[in-house]
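Note sheet for the following structure.
Just so you know, all these numbers are worked out from the coordinates, no wet-lab data involved. On a predicted model such as this, the values are computed, not experimentally measured, just so you know. No Cβ is skipped: glycine too gets one built from the backbone with ideal geometry, and neighbour counts run over all protein chains shown.
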Amino acid sequence: MPKDSKPVNLRLILVLGTAVLLLGVQVLGLFSNITTPLERIEFSMVDTFTRLRGVDEPSGEIVIVAIDDASFSWTGLQWPWPRSYFAEVVDQINQGGGKVVGVDIFLSEPDTAENDQAFVEALSESPSAVSVIQIVRTSGQGFQGESLVQPLTPYREVLDGTGVTDIFRDEDAIVRNVIALGTYQGEIYPHWAFEIARLYLGVDKPVFNGTNLQFNGQTVALRSGQLPIYYSGPAGTYPTYSASDVHDGITLEQDPDAFRDKIVLIGATSITLQDIYPTPFSASTPTPGVEIVANAIDTIIQGRYITYAPPWLGLLIILAAAGLAYLITLSKRPSVTIIVMSVVMVGYLVMAFVFSAQQRYILPVAGPEIMLFLGVVLPTLEHAVSQEREKRRVRNLFSRFISPEMVDQMMKTQDLNSVNKRADLTIIFSDIRGFTTLSEKLTPEGVVSLLNPYLEAMSQVIYKHGGTVDKYEGDAIIAFFGEPVPYKDHAARALRACLDMRKSLAELREKWAKEGRPSQIEMGVGVNSGEVFVGLLGSEQRINYTVIGDNANLAARLQDLTKTYAWPILISESTYLQVKDEFDTELADAVTVKGKTKAVNVYKVIGLKGAPESEKLKAWTSEQVKPTHEM
């Protein structure tokens with residue numbers, strides 16, 4: 001990749017990708033023969049809002065005369081009932097002052113002449129009477145046909161209106177709409193709910209203009225030719241009287257005004273007649289078809305029309321949600337990101353519910369909510385994964401220099417640039433005495449087999465005391481204490497590490513002696529404390545966590561002086577001032593070292609205060625060092 005190329009904004013790509021996917025699904029849902037997963041979720045949300053809204057008292061202008069199980073048991077009649085029986089029911093309704101009688105029974109097949117005549121006469125005496133028709137379409141083997149199933153001529157002559165009775169079941173089988181109109185041979189037939197409402201209100205027939213219709217001075221928004229029903233409540237919300245009670249006059253005896261000036265619907269509620277359907281209020285307790293019609297009529301006469309947001313608005317809201325999701329993901333704190341996302345999602349959900357319950361305006365919910373969720377979560381997850389990858393990279397890098405425990409503590413930092421700093425540290429510089437001469441007398445394999453265990457053992461001691469291995473230079477080890485994990489006692493830690501390094505060296509010498517390998521090896525260590533630069537230095541191909549500065553150089557000079565003073569560990573005055581209360585020391589000399597114009601006090605480290613004599617350091621003798629040069 002060219003150096004001047006801009007990094008890919010993966011966060012933006014994820015948000016835009018999610019938006020494009022959701023917009024595509026939304027557009028796909030515009031086709032009437034396709035129901036997308038988003039639409040199914042929208043169905044559920046509409047139902048949920050309906051249930052949360054609760055029962056909204058109906059107009060009180062509609063009652064139902066139910067062809068129910070109680071009527072079947074009382075009368076002993078089998079279906080279909082004789083129309084003379086219905087005539088007597090209508091007579092009771094007329095006597096009670098019913099304004100519009102709606103008969104949810106197909107009257108296309110004749111009964112006996114006497115029964116039909118009785119029913120015709122009863123309907124003719126009603127102020128207004130409406131019944132149903134059906135448009136039947138058939139097709140097969142290149143043939144398509146349609147027919148109109150309507151009441152017999154005598155009924156048509158007395159009925160004030162007829163209309164289609166089709167309801168619409170969505171893919172989940174829930175009835176949320178009725179078919180607003182049907183067409184037969186170019187003639188438009190409105191749903192009989194409109195006919196009942198027209199006669200009850202005394203207004204003109206609805207006028208259809210393609211996607212909408214005009215009725216009673218209002219524009220009714222349709223959905224693909226369907227009228228969304230504003231349900232007042234679940235089954236049983238509308239006053240319902242058993243047909244047998246109406247027939248026998250019991251209803252009017254108990255309430256003479258039961259039908260007065262009301263719309264009276266006669267229809268089946270018995271489950272055996274299979275005219276029951278699940279509705280938004282309940283799928284487990286279905287609602288009779290005649291009560292669904294009652295809800296549709298109430299929707300019309302009260303003007304409680306449900307309006308769905310147009311498709312273009314749904315697309316616009318998704319785009320707005322995408323932009324908002326991107327802004328939310330700009331937060332550097334995942335907890336804040338999730339909280340803001342949750343507040344926005346809940347806020348939009350509440351707003352959509354308020355619009356649904358108070359304005360009967362249905363906003364899209366699934367698309368915007370999914371856009372907000374995925375638009376925030378996906379980039380957040382990507383960012384978390386990227387951070388984890390970066391942490392692993394850094395962990396692997398630092399694990400080469402410091403202990404895993406120290407790496408875990410250092411990884412708490414969120415900004416790698418914060419690793420680069422000036423800090424007060426303690427630096428140690430250790431070297432094997434006479435290793436160059438020794439290596440000349442060994443094979444390359446012998447050098448490696450001797451040096452690797454030594455470096456491993458010394459490094460483990462440094463890690464144990466919280467130190468960081470800077471680098472290996474042949475047999476020399478450079479390490480420092482106080483970063484990346486800061487310690488106030490970094491000088492004391494460094495000296496404790498130096499003493500333990502000598503113990504580990506003694507164990508190695510003992511092991512090598514048993515194996516017949518060179519074992520008379522000594523180690524000199526220089527220690528200095530002071531301010532240095534510490535951080536990541538190098539190129540993209542190779543990087544090192546290191547210290548640079550004059551105080552680091554002084555540690556190296558002190559290590560060289562261990563040869564001059566034949567003493568294992570020498571420290572500077574700055575280190576001495578920090579450890580004098582814990583370690584026994586002795587001033588060796590004031591020395592002007594390379595790179596310094598002023599003499600530096602150099603101290604010998606003898607050991608921990610109160611340590612037994614056997615653990616205290618002693619000067620090297622020529623005999624101790626001499627074997628190293630003779631091997």
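Within the stretch 404-630, DSSP assigns beta bridges of which about 95% are antiparallel (rounded to the nearest 5).
Ordering 248, 255 by the number of other Cβ atoms within 10 Å of each residue's own Cβ, fewest first, gives 255, 248. Restricting attention to the chain, close to 70% of DSSP beta bridges with both partner residues there are antiparallel. The distance linking the stretch 456-480 with the stretch 198-248 is 87 Å (Cα centroid to Cα centroid, whole angstrom).
Please report, to two decimal places, log10 I(q)/I(0) for the stretch 404-630 at q = 0.09, 0.11, 0.16, 0.18 Å⁻¹ as given by the Debye formula with identical point scatterers on the Cα atoms and no solvent. At q = 0.09, 0.11, 0.16, 0.18 Å⁻¹ the computed log10 ratios are -0.37, -0.56, -1.15, -1.39.
What is the sum of charges, Lys and Arg at +1 and Asp and Glu at -1, for the other residues whose Cβ falls under 12 Å from the Cβ of residue 172? Kindly include the intermediate steps, with their values, before the conclusion.
Details: positive: 40, 169, 176; negative: 39, 42, 47, 170, 171.
Summing Lys/Arg as +1 and Asp/Glu as -1 gives -2.
Going through [x] 27.6; [y] 25.7; [z] 33.1, the figure that equals Kirkwood radius over Cα pairs in Å as computed for the structure here is [z].
Using only the alpha-carbon atoms, how far is helix 490-514 inclined from the longest principal axis of the chain? Give it as 0 to 90 degrees, nearest 10. Helix 490-514 sits roughly 70 degrees off the main axis of the chain. Amide H contacts under 5 Å for residue 269: 67, 68, restricted to partners 5 or more places along the chain or on a different chain, H placed in the peptide plane at 1.01 Å from N.
Taking the C-alpha atoms only, the angle from helix 113-124 to the longest principal axis of the chain is near 70 degrees. Report note on the peptides 310-318, 465-473: ranked by the mean count of other C-beta atoms within 10 Å, highest first, their order is 465-473, 310-318. Remark: for residue pairs 464/598; 391/503; 471/563; 488/616; 441/514, the C-alpha separation exceeds 28 Å in 464/598; 391/503. In order along the stretch 606-614, phi translates into HN-Hα couplings of 9, x, 5, 4, x, 6, x, 4, 5 Hz, rounded to whole numbers, per the Karplus curve 6.51 cos²θ - 1.76 cosθ + 1.60 with θ = phi - 60° and x for Gly and Pro. If R0 equals 60 Å, the separation of the Cβ atoms of residue 70 and residue 209 corresponds to a calculated FRET efficiency of about 0.85.
Taking amide H as placed 1.01 Å from N in the peptide plane, the amide H of residue 585 sits under 5 Å from that of 606, each at least 5 places away or on another chain.
The mean sequence separation of alpha-carbon pairs under 8 Å and at least six residues apart, normalised by the residue count of the chain, gives a relative contact order of 12 percent. Taking every DSSP beta bridge that has both ends in the stretch 60-301, the antiparallel portion is near 55%.
Protection proxy ranking, highest mean first, for peptides 499-505, 560-566: 499-505, 560-566, where packing is the per-residue count of other beta-carbon atoms within 10 Å, averaged. Averaged over residues, the count of other Cβ atoms within 10 Å places the peptides 170-182, 444-456, 521-533 in the sequence 521-533, 170-182, 444-456, highest first. Rounded to the nearest 10 degrees, the angle from helix 366-398 to the longest Cα principal axis of the chain is 10 degrees. Count Lys and Arg as plus one, Asp and Glu as minus one, and take only other residues whose Cβ is under 11 Å from that of residue 475; the net charge is then -1.
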